[in-house]
Amino acid sequence: MQSFVLECRQLHKSYGNTSVLHGVTFNARPGEIVGLIGASGGGKTTMLRLIAGFDYPDQGAISINGRQVASAAIRIPAEQRRVGMVFQEYALFPHLNVHDNIGFGLKGDKRTTAARVAQMLTLIGLGGLGDRMPDELSGGQQQRVALARALAPQPQILLLDEPFSNLDAALRAQVRAEVRAILKKTGVTCVFVTHDQQEALSFADTVAVLMNGRILQMDEPQALYRKPETRAVAAFIGESNFIPAIAHGESAQSALGVLPLDAAYHGEIDVLIRPESVRIASLSQGGIPARVMWREYYGHDQRFGLMLDDGVTEIIARAGAWQAFTEGDRVGLWVAPPVRAFPKTG
Amino acid sequence: MSEIRLLSAFRTATLRHVNHPRYEPLRLWRGTGGLKFLTAVIGGLVLLPVVYLVIRALGAGQDGLAYVFSARTLEVLGNSIVLMVAVVIGAVGIGVPFAWLTTRSDLPLRRVWLIGGMLIMVVPSYIGAMMVITAFGPRGLLQQLLEPMGVERIAPIYGFFGAWCVLTLYCVPYIVLPVRAALLHADPALEEAARSMGVRGSAIFWRVTMPLLRPAIGAGALLTALYALSDFGAVALMRYDAFTRVIYAQYTNSFDRSRAALLALLLIGLTVALLLIERRSLSRRRMYRTGVGSQHKARVVLLKRWKVPAILFCATLVGVGSVLPLVILTHWVVRGVNAGINLDSLTLETFNTASVSLIAAVVIAVLSLAPALLAFRSRRKVDQWLVGMTYLGNGVPSIVVALALVFFASNVTPALYQTMPILIVGYTIRFLPIGVGAMRSALMGVSPRFEEVGRTLGLHRWQLVRRVTIPLARSGILAGLALAFLSAMKELPTTLLLAPTGFRTLPVEIWMANSDGRFAEVGAPTLLLVLVGAVSLSLMFRGKDR
């Protein structure tokens, strides 16, 4: 148990009559970046506030480095937790310059403080900008200053609230990589929340899917995408085709023919087919015959809505940008094995 | 009525959505108990004199009842209501077109007219009334101009007409500001939508713009009504028997102060009725707030053949409201300098005014802290009511507050009667809302995120207040206190009733000079108070563009 920096056990929280969290359990290992992803209103921000100590759970317990900070009997407030936080809007103190913002939470004499601030400025690559005021910085710079301010007092955990949502889409990927590098360099344990799948999958070591106040699955990004444990996770992360099938052990019979499964099942199931696992070509090359119902062209790739010849099975395919099929064309399709199965629900 | 009301109407009109979710600030922190207690004590002290006055007035018995229903009282009531309604109609009739012309039309020099129109507020109403009398009164400037042409008498300015003119003029900004804000912030897409559906020209104004303006006009009209009801300077100088003048006359001329108390009670009743109406209308104000999305400018309406009348209209308002006072003020100062003013007494009066106002501002600063923090930390109804008690000076006319203090002091604490402390108490009750309001909105302007960041960085409660909250709110708080200080400097009725005998302040000096007809002598002090007004006006709108 000691190997976890953060342990959240069975957290429950309601505001008035609305229950926001019911029974959230998850842990974070030292140096790990955990992403909490969920739809808005799904309790993500509440989770962060509970960990930070702005709010306390109704039930359950939170431990940081083995020390209980919140439980039925214990309520350690935020200022005594040594949990750093970077807010969505950064919340840099507008009356203080970059240097004083970063040094805000540092204790001790001026020299050690200044040395630590200088060290942080170098870390975030803003050396020499200590005298700037926050409003003289770009969005990405402001974020790095907020990060440095939170990291300066060496927090036990760093929390990030929707860290990249205030940045231009063009800038986001770059800043994400920079921030990830900084975090990995300091080795801090980090929990962030986001509603952006791409952000969660690319930034986190481990992603936890928070839905309706529960954690549905917590896994490495690739496992989460390739082996979702529930239909809800499959539907939430990435795009999904669910095709009905009858399973016989490790294969299943469906409108797409016989598909190999990644585990053994029996009876009625739905198989999950990601659009990029569907390959299409002209019908003359074989494959399962289908008709193109619609096409959405994105540039780097495109999506096709296909209808099989049985007239009921619809499937979405993602294809390379070069494919020139249009509405009404007949195509042949293949599915890349193996596929994931979910027992039939109603 | 008071600056803070105007300010709040203005803020309501310009508030934008805050796009971070608002968790209640520091809700978890125990111990609003102390704040609650302090606020209750302060609120109680503020209410005490007025409550005492009400109880005494209600206890007047048969005689009192007879006086309330006497023909004279009903006449005063009628006078006040007629004046109030007439001023509202006048101010709306002038203010709405003025706001529209300076905001939406191609009127030349729009900013000049607008600033000129707003400068009216710089002059305290009693000084404004004196200026109007100087200009249009018997043997006034106008008559002097007309005399060579054989005009020996002009229509008397005193009475209803004079009071109406002055008050209407002074209330125009109370309409213009909220209406202009509403015009600026209303989504132009609404008018464009109407145009795309084939609605044209003036029909757009009446069918789309006007309904959107209604809440702003309503808010402005209520401010105007409250102002007209509570103003003392203009009605007193114009010798119009509205409540405030008659209350003052009863207080000074007769030994029976219970009659003044009864009249004050009626005035309170009227004010409360208006405030209740205002409370009801609060929920509808949202109409002219806009969403977050970016907004383009509304179309400028071409005036064409209406341009000349529009210019004349604006020029008349600005001329009478702002240029004329400047001319008269210069005239007075020049005459005063020629006559040789007694600078010694002026220095003393300025010192008296400034020192007593400064003490009041410091007292207000200290007393504002607890209610403002409570309003900031708690959103519970009970606490809002507690804070609301400290806003008494906002609703109840100052002549009533002052009378109540006279009553209370002479009957309950005779040692305080006619002393400096009671004058400071008077200013404090009158202007506490400015302090609480300024501090509160300054605190509200501090995003809870900042305090939360401070907490994650290990700051404890008082460290947070000292290192985060106060520094971020500081300029707003200081501006509020400066406003309270400047307002106290200009205040007439409270000073007239409460200042110790022989204690001369600038407003009192101007008042006395007026009743003796010594206008020229007060040129310098008047100029000083007008400057005070200018500074407080600029303070009020300092944060406007942020």
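Assess whether A:Val292 counts as being surrounded by 15 or more Cβ atoms within 10 Å (Cβ to Cβ), assigned to a strand (DSSP E or B) and in contact with a Gly (Cβ under 7 Å, 6 or more places away or on another chain). In short, yes.
The residues of region B:333-370 that are in contact with a Leu (Cβ under 6 Å, 6 or more places away or on another chain) and of a type in the set (Ser, Thr, Tyr) amount to a single one, B:Thr353. Please go through region B:480-514 and give me each residue that is more than 15 Å from B:Ile399 (Cα to Cα) and surrounded by fewer than 20 Cβ atoms within 10 Å (Cβ to Cβ), ordered by number. Correct list: B:Ala482, B:Pro500, B:Thr501, B:Gly502, B:Phe503, B:Arg504, B:Met512, B:Ala513. Every condition in (1) assigned to a loop (DSSP other than H, G, I, E, B); (2) surrounded by fewer than 17 Cβ atoms within 10 Å (Cβ to Cβ); (3) of a type outside the set (D, E, K, R) is met by A:Gln174 except one, and the failing one is (1). Being surrounded by fewer than 19 Cβ atoms within 10 Å (Cβ to Cβ), within 14 Å of chain B (Cβ to nearest Cβ) and over 29 Å from B:His460 (Cα atoms) is a description that applies to A:Ser40. Tallying residues that are more than 14 Å from B:Leu263 (Cβ to Cβ) and part of a helix (DSSP H, G or I) within region B:51-62 yields 5.
Among the residues of region A:44-74, write down those that are away from every other protein chain (no Cβ under 12 Å), part of a loop (DSSP other than H, G, I, E, B) and among the hydroxyl-bearing types (Ser, Thr, Tyr). Within region A:44-74, A:Ser71 is the sole residue that qualifies. Scanning region A:276-283 turns up no residue that is within 28 Å of A:Leu48 (Cβ to Cβ) and among the small types (Gly, Ala, Ser). Tell me, please, whether a residue that is within 14 Å of chain B (Cβ to nearest Cβ) and in a helix (DSSP H, G or I) can be found in region A:150-167. Yes, the conditions are met somewhere in region A:150-167.
Filtering region A:314-335 down to residues that are loosely packed, with under 12 Cβ neighbours inside 10 Å and among the small types (Gly, Ala, Ser), which residue is nearest to A:Leu259 (Cα to Cα)? Looking at residues that are loosely packed, with under 12 Cβ neighbours inside 10 Å and among the small types (Gly, Ala, Ser), I get A:Gly320. Restricting the first residue to region B:433-449 and requiring it to be away from every other protein chain (no Cβ under 13 Å), which pairs with a second residue that is among the β-branched types (Val, Ile, Thr) and surrounded by 23 or more Cβ atoms within 10 Å (Cβ to Cβ) meet a Cβ separation below 6 Å and a spacing of at least six or different chains? The qualifying pairs are B:Pro433/B:Ile4; B:Ile434/B:Ile4; B:Gly435/B:Ile364; B:Val436/B:Thr390; B:Gly437/B:Ile4. At pLDDT 85 or above and of a type in the set (Val, Ile, Thr) - does that describe any residue in region B:231-239? Within region B:231-239 (the criterion being at pLDDT 85 or above and of a type in the set (Val, Ile, Thr)), the answer is yes, since at least one residue qualifies. Taking the criterion of being crowded, with 21+ Cβ neighbours inside 10 Å and touching a Ser or Thr at 6+ places or on another chain (Cβ under 9 Å), the residues of region B:57-83 that qualify are B:Ala57, B:Ser80. Within region B:330-370, the only residue that satisfies the criterion of being within 25 Å of the chain's Cα centre (by Cα) and among the aromatic types (Phe, Trp, Tyr) is B:Phe351. Across region B:253-294, the number of residues qualifying as at pLDDT 85 or above and among the polar types (S, T, N, Q) comes to 1. Taking residues in region B:117-129 that are on the phi < 0 side of the Ramachandran plot, and partners anywhere that are among the acidic types (Asp, Glu), the pairs with Cβ atoms closer than 7 Å and at least 6 places apart or on different chains are B:Ser125/B:Asp231. Only one of the listed residues (B:Gly426, B:Gly437) is at pLDDT below 90 and part of a helix (DSSP H, G or I). That residue is B:Gly437. Scanning region A:75-99 for residues that are more than 10 Å from chain B (Cβ to nearest Cβ), under 21 Å from A:Ala118 (Cα atoms) and assigned to a loop (DSSP other than H, G, I, E, B) turns up just one, A:Asn97. Looking across A:Ile102, A:Ile124, one residue alone is more than 12 Å from chain B (Cβ to nearest Cβ) and under 14 Å from A:Ala146 (Cβ atoms). It is A:Ile124. All of A:Ala146, A:Ala181 fail the test of being at pLDDT 90 or above, of a type outside the set (Asp, Glu), in the same structural domain as A:Arg82 (by TED's automatic domain parsing) and surrounded by fewer than 21 Cβ atoms within 10 Å (Cβ to Cβ), apart from A:Ala181. The residues on offer are A:Glu314, A:Glu268, A:Glu239, and the sole one that is modelled with pLDDT of 90 or more, under 24 Å from the mean Cα position of the chain (by Cα) and of a type outside the set (A, V, I, L, M, F, W, C) is A:Glu239.
Suppose the filter is in a helix (DSSP H, G or I) and either in the same structural domain as B:Pro397 (by TED's automatic domain parsing) or surrounded by fewer than 23 Cβ atoms within 10 Å (Cβ to Cβ) (or both); does B:Leu459 pass it? Answer is no for this residue. Among the residues of region B:64-105, those identified as touching a residue at least 40 places away in the same chain (Cβ under 8 Å) and of a type in the set (Gly, Ala, Ser) are B:Gly64, B:Ser80, B:Ala86, B:Gly90, B:Ala91, B:Gly95, B:Ala99, B:Ser105.
Going by the structure shown, is B:Thr419 at pLDDT 85 or above, more than 21 Å from B:Gly44 (Cα to Cα) and more than 14 Å from chain A (Cβ to nearest Cβ)? Against the criterion (at pLDDT 85 or above, more than 21 Å from B:Gly44 (Cα to Cα) and more than 14 Å from chain A (Cβ to nearest Cβ)), B:Thr419 qualifies. Is it fair to say A:Gly311 is part of a strand (DSSP E or B), at positive phi and loosely packed, with under 13 Cβ neighbours inside 10 Å? The answer is no for A:Gly311.
The values are calculated or read from the model by the stated rules, or taken from the named source; none is laboratory data. Since the structure is predicted, the reported quantities are computational estimates derived from the model, not experimental observations. Virtual Cβ from ideal backbone geometry, glycine too; neighbours counted across all protein chains shown.
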